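Remarks on the structure that follows.
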Protein chains: 2
Amino acid sequence: MKPRTRNGQDLLTPAAVVDRALMLADAEGLGAVTIRRLAHELDVTPMALYWHFASKEELLDAMADGLLTEMLAIAGPVETVPAGPWRQQLAALLDAQCTVLRAHPSVAPLVWTRNNLSDAALRLTERMLAVLRRAGFSPTDATRIARRAARMTTALVAVRAQFVDGDGDPDRVRDRLSALPIDEFPRVVEAAVALSGCDGPDEHYGLELVLAGIEAEAARLTPFSEPNPPPTPDRAPPQP
Amino acid sequence: MKPRTRNGQDLLTPAAVVDRALMLADAEGLGAVTIRRLAHELDVTPMALYWHFASKEELLDAMADGLLTEMLAIAGPVETVPAGPWRQQLAALLDAQCTVLRAHPSVAPLVWTRNNLSDAALRLTERMLAVLRRAGFSPTDATRIARRAARMTTALVAVRAQFVDGDGDPDRVRDRLSALPIDEFPRVVEAAVALSGCDGPDEHYGLELVLAGIEAEAARLTPFSEPNPPPTPDRAPPQP
DNA sequence: ACCTGAACACCGTTCAAGT
DNA sequence: ACCTGAACACCGTTCAAGT
């Protein structure tokens, strides 16, 4: 099935390069994704990659788009969106994004930061907007919220991925915090244990925070409150 | 006032290096902050910097800490924290962070991603925790929320800073979006104008979203609701 | 069409040496 | 104590050349 050249060598395809790049990023971080390193991994000259990608930037774009495509696969086709309350639909969409991002944490910073007019990006945007419009938001507000929600989700994962802990093991950190002057840092000392622990896999917690914010926004903007949103017709202006 | 060596040359100090590095980052992005470039800017050999910083990583840490120090200066001493409702106090703290981050957007990704046990970091943490504890959160919850809030704030600015727009001017983007098949992308087409505009300086909007989320969390966790939080004594367990 | 080879202007960092 | 100089193993990218 793979294309082969006459001397038995596998041909290089953009998709194969992106796959390899994602694997490299997952294994050793985005910093390891280097034109030269990647070429070596693919048994090819560095400059070979420049036939398929105009620049490294373009390769990074393709990697980001790879994640968007994965998200789309998880989210399923448009018709898949269940008829439940919009909060759940929104949560499901954000959860799908979160799942993919967590699988490729070092690539997360690249997602939704380049402007994505790719097919996958547009389809994901369409789904987000559909849910928010159904929730009663105007196109403008839906856009702002969709953008915020998507970026916040990536940020939640990305920030955690970029985290480097310089000061070694948690026990030493806790001890240092506990030893602080209690009159100057009463709250820090009190929370030394919590502060020294890494915060666990709770992007979920962060997502809930974002969702709660959106819900509060929704309550402020729309006259009704869930459940049973009024019958907002698909394209016509709101009810008379 | 500046230290000088006998041949009339300014002596290199860590603070001077960090200042210069921040200026460089603000002017040309974090990517321009290079040991060699920075050394050139300071009229010094690249290796001179290695006397003051063990590695580039350590220099980046120092830059991040520079921002934390600026935040602390804006936030003022602990006693400055007004007696108002905790939402406002929290908003003020996050606003201060946002202000500083917006002044150095390209450095934002570095803030709160290395573990900060520096003086500035600890003092900022103390303030955050104090506000959240007064709001009725337990030390553990206060820690989680403080972390989330701080990271989200930096993420809001950082993601925007990392944004690279590849597809040129907004008009062309809008046209492309409007030209999409309307049966496949009804919501995108509908929101073409909103989607093609860059989203303006509304980290403020994002902050409100975060705050709304925290308030919702607070309402869920504490039996009372603002204003007039119960007299939570400073260190003793909650009221009988 | 697809890939190689040599070359250029950059990186961070080490190690020995100067003052 | 504070800085220089030469060197090493890396970068992304261009340009001419091979098949």
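Given the criterion surrounded by fewer than 19 Cβ atoms within 10 Å (Cβ to Cβ), of a type in the set (S, T, N, Q) and touching a residue at least 40 places away in the same chain (Cβ under 8 Å), identify the matching residue among B:Ser118, B:Ser106, B:Ser178.
Values: B:Ser106 fails: surrounded by fewer than 19 Cβ atoms within 10 Å (Cβ to Cβ); B:Ser178 fails: touching a residue at least 40 places away in the same chain (Cβ under 8 Å).
One residue alone meets the criteria, B:Ser118.
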Quiz item: Which helices (runs of 4 or more DSSP H) sit wholly inside segment A:30-114 and have at least 1 residues that are under 26 Å from A:Ala130 (Cβ atoms)?
Solution: A:56-75, A:86-103
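Within segment A:133-153, track down each residue that is within 7 Å of another protein chain (Cβ to nearest Cβ) and closer than 20 Å to B:Val164 by Cα.
Of all residues in segment A:133-153, those within 7 Å of another protein chain (Cβ to nearest Cβ) come to A:133, A:139-140, A:142-144, A:147-148, A:151-152.
Matches in segment A:133-153: A:Thr143, A:Arg144, A:Arg147, A:Arg148, A:Arg151, A:Met152.
Of the residues A:Leu101, A:Leu93, A:Leu156, which single one is at pLDDT below 90 and farther than 27 Å from B:Arg172 by Cα?
Numbers: A:Leu101 fails: at pLDDT below 90; A:Leu93 fails: at pLDDT below 90.
Residue meeting the stated conditions: A:Leu156.
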Exercise. Could you check, for segment A:166-173, whether at least one of its residues is facing chain B (nearest Cβ under 9 Å), over 28 Å from the mean Cα position of the chain (by Cα), in a helix (DSSP H, G or I) and without any contact (Cβ under 8 Å) to a residue 12 or more places away in the chain?
Key: no
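For segment B:22-37, enumerate the residues that are within 15 Å of DNA strand D (Cβ to nearest atom) and in contact with a helix residue (DSSP H, G or I) (Cβ under 6 Å, 6 or more places away or on another chain). Give the derivation first.
Taking segment B:22-37 and keeping what is within 15 Å of DNA strand D (Cβ to nearest atom), we get B:29, B:31-32, B:34-37.
Once the filter is applied, which keeps residues that are within 15 Å of DNA strand D (Cβ to nearest atom) and in contact with a helix residue (DSSP H, G or I) (Cβ under 6 Å, 6 or more places away or on another chain), segment B:22-37 yields B:Gly29, B:Ala32, B:Ile35, B:Arg36.
The values are calculated or read from the model by the stated rules, or taken from the named source; none is laboratory data. These numbers were taken from a predicted model, which means no experiment stands behind them. Neighbour counts run over all protein chains shown; Cβ positions are idealised from the backbone, glycine included.
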